[in-house]
Every structure is written in structure tokens, then in C-alpha cells.
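Input: a single structure, listed below in C-alpha cells.
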Amino acid sequence: MACINVSEVKVLNNEGATFFTPLAFDIQYECLTELEADLEWKMIYVGSAESEEYDQVLDSILVGPVYAGNYRFVFEANPPDPARLQPDDIVGVTVILLTCSYK
């Protein structure tokens with residue numbers, strides 16, 4: 001059973017955004033029980049479908065202490081570095097992966 005339920009993620013700064021616009025997400029979650037350690041949230045840009053070599057961790061934060069209840073925060077990061085991407089992957093479909101880890 002999960003102790004954390006992500007209830008909503010809103011993309012901010014999306015209107016008129018370019019590749020170079022900083023990324024921002026409004027994240028809401030609930031914690032069902034008090035946690036002994038912090039939560040680690042990561043924002044990862046998946047740079048290629050063929051290899052993790054081109055993935056970029058845009059930011060990583062620790063959130064805590066976390067008690068039972070509802071929480072909300074804005075997770076912001078600079079955009080990915082296009083110099084670390086293959087030229088064929090700069091334009092096309094990609095994904096921003098938001099992860100939440102405990103211990």
C-alpha cells in the first residue's frame with residue numbers, strides 16, 4: 001500500500017513557452033501516515049527513447065518532515081541543456097518524468 005498519493009500535477013509557464021523556458025509544476029499530494037525520512041522528488045528530462053545516456057536530471061529536492069495530511073508545492077527547474085542531446089532528438093516527442101522516492 002502506498003503512503004503517498006499524488007492527487008494533482010499542473011504544468012505552469014506553459015502558455016508561450018519555448019524549449020528554453022524554465023519548467024514549473026504545481027504538485028499536490030497526500031501522505032497517509034507520518035514518514036520517518038524525507039521524500040526525494042526528481043524532475044528528469046528523457047532525452048532519447050533509445051538510451052538513458054541522454055537523460056538529464058533537471059533538479060532534485062528533499063521534502064520533509066512529512067506528516068499525515070495534504071501538501072502542495074511548486075517544483076521549478078531550468079530547461080534541459082540541448083548540447084547534451086543528439087541532434088535528431090532535439091525536436092520531437094519527449095517526456096518530463098517526475099518521481100517521488102522514499103528511503
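The table for this structure:
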| item | result |
| --- | --- |
| Residue count for segment 59-71, restricted to those that are surrounded by 12 or more Cβ atoms within 10 Å (Cβ to Cβ), of a type outside the set (S, T, N, Q) and either part of a strand (DSSP E or B) or under 12 Å from the mean Cα position of the chain (by Cα) (or both) | 4 |
| In segment 1-40, the residues that are open to solvent by less than 60 Å² (accessible area, probe 1.4 Å), small (Gly, Ala, Ser) and closer than 23 Å to Lys103 by Cα | Ala2, Ala37 |
| Conditions (1) of a type in the set (Gly, Ala, Ser); (2) without any contact (Cβ under 8 Å) to a residue 60 or more places away in the chain; (3) not in a loop (DSSP other than H, G, I, E, B); number of the one not met by Ser101 | (2) |
| Residue count for segment 47-58, restricted to those that are open to solvent by less than 50 Å² (accessible area, probe 1.4 Å) and assigned to a strand (DSSP E or B) | 2 |
| Members of segment 1-59 that are closer than 20 Å to Phe73 by Cβ, in contact (Cβ under 8 Å) with a residue 40 or more places away in the chain and of a type in the set (Ser, Thr, Tyr) | Ser7, Thr21, Tyr29, Tyr45 |
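The values are calculated or read from the model by the stated rules, or taken from the named source; none is laboratory data. All figures in this text were calculated on a predicted structure; none of them were measured in a lab. Virtual Cβ from ideal backbone geometry, glycine too; neighbours counted across all protein chains shown. Protein only, heavy atoms only, side chains kept; ligands, DNA and RNA dropped before computing areas. Shrake-Rupley method; radii C 1.70, N 1.55, O 1.52, S 1.80 Å.
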